[in-house]
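Reviewing the structure listed below.
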Amino acid sequence: MMQGLRDTPSFVVKHGVASKVFPFIRTALRDRPDFIHVDWLHQYYLRRQTWMTWLTFLPFVLDIFFAKYVLGVNFVWTLHNIHPHNAPTTGIYEWPRLIFAQQAKWIRVFSAETVTKASVALKVSPLKFKVIPEGSYLGYYSDSVSASTSRERMKIAKDEFVLLFLGSIRPYKGIEELIREYGRAKTENWRLLITGISRDQAYTDTLSGLCADDPSITFAPGMVADEDIQYYMHASNVVVLPFRKVENSGSTILAMGFAKPVIAPAIGVLPYRLRAQPELLFDTDVREVLNRLPSYSKVALADMGKRNKQNLADHTWKDFGVAFQ
């Protein structure tokens, strides 16, 4: 994203001050920017305990108003989720977002579908939003190995049909449902790979228990090195991302870049980004697609993946920079 902004004429882009103590004021004093862009707002006010969130609320509000009205900064916000996945949506947990939305010059969302919902939730005009989909990760991750090399390295037989979940392991991702429905839908040669970083040991233990009795499931929680992503992607036939809720998905963009078909819910930006393979989108439950997956040949699925990759060309990271002009 920052490289895309730098590709915009006359744009100077820097990281802001990495601090939870008046980060906006300190960034404004250090760099005198025209804009401060915020990706993940909750890191500046949300704390593990409610009383701690109360303590950060007033300094957070002061930070916004002083930076804007005294130091002359314009705020731009990329709204990844209408509400944070791991916090309540009322009171002290919601007020900071409402205040920031009111003070932002404009808010970036990834799909037109999000605008109406976000406008109502954040109590701001729909005119405050700009729809700017993400660019791709092509060229950012290694992509130099073949499917056969990847399967050999990962000890996967040539005739196995591999489903892959790769991404952060969190409850809203629908991984529990995936494991259960995979167990019901799988055929003799299916294999499910689940990998990604997890910061919740109790949830990790729950998933491990669900996988324990099925040797066709490989559950490998942990950070996947950038150079190893290509092996997981090329060893798989299809990527499965059964989110319970989502507005945008970097995991989807990543999979598309490796020419993978993606099973995902028809919510947020996903119907648009995955428009080349609508038959792999589901409305309410991942079982809808898993049950009919055997009806698609590997060739047909591969063709869907190729079309996904081609559609990445419709949007670049530079699009975001142009929106500031």
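The values are calculated or read from the model by the stated rules, or taken from the named source; none is laboratory data. None of the values given here were measured: they were computed from a predicted structure. Quick reminder, even Gly has a Cβ in these numbers, built from the backbone with ideal geometry, and neighbours come from all protein chains shown. Just so you know, the surface numbers come from the protein's heavy atoms only, side chains and all, with ligands and any DNA or RNA stripped out. Shrake-Rupley method; radii C 1.70, N 1.55, O 1.52, S 1.80 Å.
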Can you name the number of the only condition in (1) of a type outside the set (Val, Ile, Thr); (2) open to solvent by less than 20 Å² (accessible area, probe 1.4 Å); (3) not in a loop (DSSP other than H, G, I, E, B) that Pro59 fails? (2)
Can you run down the residue pairs with Cβ atoms below 6 Å, 6 or more apart or on separate chains, where the first is in segment 32-55 and touching a residue at least 40 places away in the same chain (Cβ under 8 Å) and the partner is in a loop (DSSP other than H, G, I, E, B) and among the β-branched types (Val, Ile, Thr)? Ile36/Val73
Can Leu46 be described as at pLDDT 90 or above and either surrounded by 15 or more Cβ atoms within 10 Å (Cβ to Cβ) or part of a helix (DSSP H, G or I) (or both)? no
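Quick one: which residue in Lys130, Lys173, Lys186, Lys117 is surrounded by 19 or more Cβ atoms within 10 Å (Cβ to Cβ), under 21 Å from the mean Cα position of the chain (by Cα) and basic (Lys, Arg)? Spell out how you get there, then give the answer.
On the way: Lys130 fails: surrounded by 19 or more Cβ atoms within 10 Å (Cβ to Cβ); Lys186 fails: under 21 Å from the mean Cα position of the chain (by Cα); Lys117 fails: surrounded by 19 or more Cβ atoms within 10 Å (Cβ to Cβ).
Within the list Lys130, Lys173, Lys186, Lys117, the selection yields Lys173.
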Of all residues being basic (Lys, Arg) and touching a residue at least 60 places away in the same chain (Cβ under 8 Å) in segment 77-126, which is farthest from Met1 (Cα to Cα)? Just the residue, please. Lys105
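Only one residue in Ile267, Ile263 is under 28 Å from Thr206 (Cα atoms), in contact (Cβ under 8 Å) with a residue 12 or more places away in the chain and buried (at least 22 other Cβ atoms within 10 Å of the Cβ), so which one is that? Spell out the reasoning first.
Working: Ile267 fails: buried (at least 22 other Cβ atoms within 10 Å of the Cβ).
Going through Ile267, Ile263 in turn, the sole match is Ile263.
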One residue from Asn81, Asn86 being within 14 Å of Trp40 (Cα to Cα), modelled with pLDDT under 95 and surrounded by fewer than 16 Cβ atoms within 10 Å (Cβ to Cβ): Asn86
Matching residues, segment 294-312, being open to solvent by 50 Å² or more (accessible area, probe 1.4 Å) and within 19 Å of the chain's Cα centre (by Cα): Lys309
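Just to be sure before I move on: is Arg180 under 17 Å from Arg292 (Cα atoms), among the basic types (Lys, Arg) and surrounded by fewer than 16 Cβ atoms within 10 Å (Cβ to Cβ) in the structure I sent? Give the steps one after another, and end with the answer.
Numbers: under 17 Å from Arg292 (Cα atoms): yes; among the basic types (Lys, Arg): yes; surrounded by fewer than 16 Cβ atoms within 10 Å (Cβ to Cβ): yes.
Against the criterion (under 17 Å from Arg292 (Cα atoms), among the basic types (Lys, Arg) and surrounded by fewer than 16 Cβ atoms within 10 Å (Cβ to Cβ)), Arg180 qualifies.
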Any hit, segment 31-39, residues being at pLDDT 95 or above, of a type in the set (Val, Ile, Thr) and in contact with a strand residue (DSSP E or B) (Cβ under 7 Å, 6 or more places away or on another chain): yes
Just need a number here: residues in segment 215-230 that are under 15 Å from Arg191 (Cα atoms), out of contact with any Phe, Trp or Tyr (no Cβ under 8 Å at 6 or more places or on another chain) and either small (Gly, Ala, Ser) or in contact (Cβ under 8 Å) with a residue 12 or more places away in the chain (or both). 3
